[in-house]
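One structure is given here, and the rest of the page talks about it.
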Amino acid sequence: MTTTATPATGTPVFAVDGLWKVFGPKADRVPGDPALAALDPAELRSRTGCTAAVRDVGFDVRKGEVFVVMGLSGSGKSTLVRCLTRLIEPTAGTIAIDGEDVRAMDGARLRALRRHRAAMVFQHFGLLPHRTVLDNVAYGLEIQGMGRAERREKAAEVVAKVGLEGMEQRRPAQLSGGQRQRVGLARALAVDPEVLLFDEPFSALDPLIRRDMQEEVVRLHREEGRTMVFITHDLQEALKLGDRIALMRDGRVVQLGTPEEIVGSPADDYVRAFVRDVPREQVLTVRTAMRPAATSEEAATGPGVRPDATVSEAIEAVSRAGTSVRVLDDGRCVGVVDAAALLNVVAGEVATGVGSHADAAAGSRAAGAARMGAAAPAERREPDPAPATTSEEPV
Amino acid sequence: MATLTATAEKTSPPGIRANPTARKLAALALVAAVLVPLAAARWSSGTWPGALTVDVSGPLGRTSDWIIDNRDSHPLFLHFLGHVSNAVVISVRAVYLALLAVGWAGVTGVCALVAWRVAGVRLALGTAGAFLACGLLGMWVPTMQTLALMVVAVAVSVLVGMVLGLAAGLSGRMDRILRPVLDTMQVLPAFAYLLPVVLVFGIGVPAAVLATVVYAAPPMARLTALGLRGADKEVLEAVESLGTTARQRLLTARLPLARRELLLGLNQTIMMALSMAVIASVIGAGGLGDRVYQALASVDVGAALAAGVPIVLLAVVLDRVTGAAGARLGQEPAPHARALWAAALAAAAAVAVAGRLTDRLEWPDGWVVGIAEPVNRAVGWMTDHLYSGVPVVGGTADWAGRFTTWVLDPLRDGLQWLPWWSVLLVVAGLAWVIGTWRTALTATSAMAAIGVLGVWKPSLDTLSQVLAAVAVTLLVGFATGVAAARSDRVERLLRPVLDVFQTMPQFVYLIPVVALFGVGRAPAVAAAVVYALPAVVRITTQGLRQVDPAALEAARSLGATSGQQLRQVQLPLARPALLLAVNQGVVLVLAVVIIGGLVGGGALGYDVVFGLAQGDLATGLVAGAAIVCLGLMLDRVTQPTERRARKGA
Amino acid sequence: MRIRTIPAVAAGSALALLALTGCGAADMTRQASPFANAQGARTVTLSVQSWVGAQANVAVARYLLEHELGYRVDTVQVDEVPAWDALSQGRVDAILEDWGHPEQERRYVEEKKTIAPGGDLGVTGHIGWYVPTYFAEQHPDVTDWKNLNKYADRFRTPESGGKGQLMDGSPSYVTNDKALVKNLKLDYRVVFAGSEAAQITQIKQFAKEKKPFLTYWYTPQWLFEQVPMTEVKLPPYEEGCDADPAEVACAYPVTPLQKYLNADFAENGGEAAELLRNFRWTTEDQNEVSLMIADRKLSPGEAAKKWVDSHPSVWKKWLP
């Protein structure tokens, strides 16, 4: 478990350190006792009757990024996100929002945090069935004590923003799943929070609608640049949305890094098995496959691609050009890629030890946004089955 | 005994279940082997040994005397109970005067319009028709009296029920404390509630209202707690994540989310309050119940019917309107809802004012249709022709006589002949087989308490009537239920009948059975069967219909005949529902068998009536306590491990 | 939040209750029925007992109060003993026919003074055991209690099991029958019919089939007109022989039936109280009305009207 990140700009939105959540009798003693803390889940349960849902987790969420927490069910990711606003009271560790200690907050302060700074979107929407769409969206504002006319006006704007115009007076029961989640999203957006927390928001939706909603999130993020913490069990979704991904297993973060890092250099066998079926060419960038230009002619001529273009885009360019292509960063040639190197990436041959990794990992927010912009259309193509079959063997 | 053994067999089919059953029975046999010889050696008599009874009638009699002597002087009465009583009288009076002031046209109009807004045009017409029928039968004033009493009782019940329900819904500890109490109150016969309140408040409206509240509040409390606890966890979490305070959460989310349960609670509370308000005429509630009670005293079936019909109409209307209000929840409100409400109110006010101005507040005397005479003629014809001496089949009185001689007497004598410890043993065994050792302990203690109270014999008499009635109910109920489950047409025909029968107050059943079966235990049993049948039929039908269609399809694909499907798939899979039907049947039968004391049923019900009639509260209270114990025991012995939400009683 | 609001609400509602009922003491023994005196009408609440004779009294009193004096009359059916309590509390204003309840009389009339005597009803009541005359004619010796055991098996029914059946009426009636059966060592079982009407129905059924029966019965009673019955002689009544209910072994006394009024009502009840105090008629009068109600199935109101129309000389004297 490594925190590769260095603080980018100012204090992180969320700074989490040594966070534990243990369920069960006398849960307090578990984090403090190194012997107990080291036990694996089954042993812990049989020894103490406790379950540790979150174990010694630490990470920073930077301003403006989409931070994805990914893991299978039971990995503790949903508990983790609830700990951030103390919907579930953490057992041990520190959480700070903009440098302010969340765990030290009193009731009023905590409510202020929930009202104004962090809003959450839920897997099963959590809408109030007896209220109209508009009143559901305005609910957060109502709680804050805003007047009826004002909050309705504000809510109507947000309803329009998520594409639900004309449905203001419907009840949740009259909406489709996707529409309901738009209401959930609008409700969270209506209070204009600093951070949006998503708890597996799309896993209850049909695949096509899920894709639409993902695009919606991408769009919102592009337009507003709001910080997001996104919980998912879907690796594709994590790779598509995340600037950085924390991969959880049994309550611990097993790897934290950019999608490219996770796919390109899995920290252990668990992560490797996890990312095995990912179409690598759609995640890895050309940096992974590029080599220095052999000749100055090679560095000066031929078509170019951006350094954060995906391998799959580069393959398209290479096949169109028929030769190797240049990787251009602000018009400067930083290297070249050829068909062989690109195909190696697809085949999973070049996995580790690429020199330019550190740059990519530190990827600025602009780069992330751009990459996502590029990745989005690529996502629509079906993954090429051939690389998938070859990657059956462990790399 | 027949039913009890039948139940036992049902719960111990061969196979996996047989093992724990056998284990439990073996453990019980062990305990019995030690205790029974001891007990039998010391107190060897068939009936409950006198050495083990505690005579509570002395202290109870003294308490009752003390209360009567101090009712007008002791501070507890002057400063607390007196105020309670006063408040009840003042509020009932206020509602009653308001109803009279609005006049018959106004009341009919307002109720119809409310029904229109919450439940639609058809029910509005039904409501108006029901009220007009009450007037036509010459029962306008008694109907208003009952309505006034109901309004107050229901309001207080809902308030009390909601407070208790909120406590149980919001606090786990309160829930653990309240739930068994409420569950138990739910199964107790209405009659058992009458005496304690009479003891404190004396005969009259306050006692009637308070008995009604005690009887009708538990369903509200249970359903409120259920609604609060059953709320979608994620919605609550979502609401909390937006920074709500606890009060905001309660008002904007928890209560609205529980609306369906709250309305169902209101519906049940109203139905139970009506049922109790009628029974409470025995302790001076007045109104429609009193008219039935008076008519019952003179076996004037026609007059009883004239008062009974308004009760039934009131019950059906109240049930349907609140039910429809519940069903309409979550639907999009009609456009201009507010305007329509305003129009409705304005119209109602106009009707009331018009009535006031034209001085037509009282139901006109000329508009009364006497149904008593034709009904009595019909009943007279029936008693003359059906009552006895009908060739071949015999008259109803002959049936009643034969049922008494061949079923009730042997059953009662058999039960009373059994050594007391063997009765306890049977109870313990049944309860343990069907539940846990806790249920067995509760059931056995309840049964033993009956012995200790010194009413062993009358209780066994009551028990014999209950068993006979349950046997008949289940026989008829299961057969009808199976028929209804297998044929849509039968179900369609049955449904309205069941609906009406299920909403009728227990009291109403007493009149026709006296006319048909005379006086004695047989009519009490008949009334109990008729009262319990709808619930049993309904639960059976639902249980059979809800059997997994895949299982049925699989059986069909293997070529099972429809009889085989029923026996081998539907009935076994519907077992939980059938057990529930047994439980419900027993609870409902007990309630009416007790009331049967009013038509010569004897035993515990008679003791309660006697206690009330002679002001001998000691006898009545002991019988009431025995009824409570009997109810508890019967419920535990037939209660499947998991209790479900259910309607009625 | 909740912790603060709940006590506040509780305190508030307690205050409201106090405000509603007026501070200080509230005597619940002096509360009228909530249904009384509605809409400015003067209301009298009468207790109706379950037997027809009592219904006849009430029907006539009601008719006169409503039609001659302009009162509104409510009737409540209350059993005899609780009726005393209700009368004392003012929930009913008058009992028109009481068969003698010495204990209650002592408590309420003499000690508490919440009930005032209302004078004789004019009817004399007597309780006894009766067999149908057709049976008594065939077996004249059955009319002595000493011979009852001889006929026990003739009186057997399904309800009485192996013993003879002594049919009693409502559990609310004044009765020593269980003690009598025990103390006179009779081979009988007391079976309660549950109400007088049920008892009458049963008697008529028996009479239709000319079956023998033994029943608790009383005069004045209109049923004698239809089913002639003969009294069974019990050990003669002596003053005080029924003092201990468990040891009673003698016949029932002959009782001049009494009226009782709530003390307040007696004082402030105006014309209504006056009329009820003056109400006094004969056994024949009562039977005439009873017969119309019970046998000809007229409503009590109609029966009262018929009687009132035909006997003005009787009731004119009662009017204040």
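Among the criteria (1) open to solvent by 20 Å² or more (accessible area, probe 1.4 Å); (2) small (Gly, Ala, Ser); (3) in contact (Cβ under 8 Å) with a residue 60 or more places away in the chain, the one B:Ala153 does not fulfil is (1). Run down B:Leu441, B:Leu475, B:Leu424, B:Leu415 and say which single residue is out of contact with any Lys or Arg (no Cβ under 8 Å at 6 or more places or on another chain), over 20 Å from B:Ile595 (Cα atoms), in a helix (DSSP H, G or I) and modelled with pLDDT of 90 or more. Of B:Leu441, B:Leu475, B:Leu424, B:Leu415, the one residue that is out of contact with any Lys or Arg (no Cβ under 8 Å at 6 or more places or on another chain), over 20 Å from B:Ile595 (Cα atoms), in a helix (DSSP H, G or I) and modelled with pLDDT of 90 or more is B:Leu475.
Among B:Trp381, B:Trp406, which is within 18 Å of C:Pro158 (Cβ to Cβ), in a helix (DSSP H, G or I) and either within 14 Å of chain C (Cβ to nearest Cβ) or polar (S, T, N, Q) (or both)?
On the way: B:Trp381 fails: within 18 Å of C:Pro158 (Cβ to Cβ).
Step by step, each of B:Trp381, B:Trp406 is checked, and only B:Trp406 is within 18 Å of C:Pro158 (Cβ to Cβ), in a helix (DSSP H, G or I) and either within 14 Å of chain C (Cβ to nearest Cβ) or polar (S, T, N, Q) (or both).
Residue count for segment B:387-397 satisfying the condition of being over 30 Å from the mean Cα position of the chain (by Cα) and at pLDDT 70 or above: 1.
Looking at segment B:234-251, which of its residues are facing chain A (nearest Cβ under 7 Å) and open to solvent by less than 10 Å² (accessible area, probe 1.4 Å)? Listed by number, the residues that qualify are B:Val235, B:Ala238, B:Ser241, B:Leu242, B:Gly243, B:Thr244.
Among the residues of segment B:284-314, how many are over 11 Å from C:Gln77 (Cβ atoms), at the interface with chain C (Cβ under 9 Å from one of its Cβ atoms) and open to solvent by less than 20 Å² (accessible area, probe 1.4 Å)? Don't jump to the end; show me each part of the working.
Taking segment B:284-314 first, the residues over 11 Å from C:Gln77 (Cβ atoms) are B:287-288, B:299-314.
Now restrict to residues that are at the interface with chain C (Cβ under 9 Å from one of its Cβ atoms): B:287, B:299-300, B:302-303.
Filter once more, keeping what is open to solvent by less than 20 Å² (accessible area, probe 1.4 Å): B:287, B:302.
Here the count works out to 2.
Return the residues of segment A:30-82 that are touching a strand residue (DSSP E or B) at 6+ places or on another chain (Cβ under 8 Å), in a loop (DSSP other than H, G, I, E, B), open to solvent by less than 30 Å² (accessible area, probe 1.4 Å) and over 23 Å from A:Asp98 (Cα atoms); say none if nothing qualifies.
Our first condition is that a residue be touching a strand residue (DSSP E or B) at 6+ places or on another chain (Cβ under 8 Å); within segment A:30-82, this holds for A:30-32, A:37, A:41, A:44-45, A:50-72, A:75-82.
From the residues that got through so far, the ones that are in a loop (DSSP other than H, G, I, E, B) too are A:50, A:62-65, A:72, A:75-76.
Add one more test, that the residue is open to solvent by less than 30 Å² (accessible area, probe 1.4 Å), and what stays is A:50, A:64-65, A:75-76.
Within segment A:30-82, A:Cys50, A:Ser75, A:Gly76 meet the criteria.
In summary, A:Arg111 fulfils each of the numbered conditions (1) in contact with a helix residue (DSSP H, G or I) (Cβ under 6 Å, 6 or more places away or on another chain); (2) open to solvent by 20 Å² or more (accessible area, probe 1.4 Å); (3) within 10 Å of chain B (Cβ to nearest Cβ); (4) not polar (S, T, N, Q) with the single exception of condition (1).
Do we have C:Leu257 as more than 26 Å from C:Ala86 (Cα to Cα) and not basic (Lys, Arg) here?
Details: more than 26 Å from C:Ala86 (Cα to Cα): no; not basic (Lys, Arg): yes.
Criteria not met by C:Leu257.
If only residues of segment B:163-200 that are among the small types (Gly, Ala, Ser) and open to solvent by less than 20 Å² (accessible area, probe 1.4 Å) are counted, the one that is farthest from B:Ala446 (Cα to Cα) is B:Gly169.
Can you list the strands (runs of 3 or more DSSP E) found entirely within segment C:195-267 that contain at least 2 residues being surrounded by 19 or more Cβ atoms within 10 Å (Cβ to Cβ) and outside the structural domain of C:Val142 (by TED's automatic domain parsing)?
Values: elements: C:214-219, C:229-232, C:254-262.
Hits in segment C:195-267: C:254-262.
Restricting attention to segment A:175-190, the residues being under 18 Å from A:His130 (Cβ atoms) and either among the aromatic types (Phe, Trp, Tyr) or open to solvent by less than 50 Å² (accessible area, probe 1.4 Å) (or both) number 6. The set of residues in segment B:447-486 being farther than 22 Å from B:Arg521 by Cβ, in contact with a Gly (Cβ under 9 Å, 6 or more places away or on another chain) and either of a type in the set (Phe, Trp, Tyr) or surrounded by 24 or more Cβ atoms within 10 Å (Cβ to Cβ) (or both) consists of B:Gly481 alone.
Name every residue in segment C:268-279 that is small (Gly, Ala, Ser) and assigned to a helix (DSSP H, G or I), in order of residue number.
Narrowing segment C:268-279 to residues small (Gly, Ala, Ser): C:269-270, C:272-273.
Selection gives C:Gly270, C:Ala272, C:Ala273.
Within segment A:317-328, one or more residues are within 30 Å of A:Arg62 (Cβ to Cβ) and either open to solvent by 50 Å² or more (accessible area, probe 1.4 Å) or touching a Pro at 6+ places or on another chain (Cβ under 7 Å) (or both).
Restricting attention to segment A:227-253, report how many residues are more than 13 Å from the chain's Cα centre (by Cα) and open to solvent by 30 Å² or more (accessible area, probe 1.4 Å).
First, pick out the residues of segment A:227-253 that are more than 13 Å from the chain's Cα centre (by Cα): A:249-253.
When the remaining residues are screened for being open to solvent by 30 Å² or more (accessible area, probe 1.4 Å), the result is A:249-250, A:252.
The qualifying residues number 3.
Count of segment A:137-163 residues, restricted to those that are in a helix (DSSP H, G or I), more than 22 Å from A:Gln214 (Cα to Cα) and either touching a residue at least 40 places away in the same chain (Cβ under 8 Å) or touching a strand residue (DSSP E or B) at 6+ places or on another chain (Cβ under 6 Å) (or both), is 3.
When restricted to residues that are surrounded by fewer than 24 Cβ atoms within 10 Å (Cβ to Cβ), in contact with an Asp or Glu (Cβ under 8 Å, 6 or more places away or on another chain) and more than 8 Å from chain C (Cβ to nearest Cβ), segment B:590-630 contains 1. Among the candidates A:Pro193, A:Pro201, A:Pro172, A:Pro129, the residue that is more than 29 Å from A:Ile97 (Cβ to Cβ), within 12 Å of chain B (Cβ to nearest Cβ) and either under 19 Å from the mean Cα position of the chain (by Cα) or open to solvent by 40 Å² or more (accessible area, probe 1.4 Å) (or both) is uniquely A:Pro129.
The values are calculated or read from the model by the stated rules, or taken from the named source; none is laboratory data. The model shown is predicted, which means the values in this text are computed figures rather than measured ones. Counting neighbours? That spans all protein chains shown, and the Cβs are built from the backbone with ideal geometry, glycine included. We work out accessible area using only protein heavy atoms, side chains counted, and drop any ligands, DNA or RNA first. Shrake-Rupley method; radii C 1.70, N 1.55, O 1.52, S 1.80 Å.
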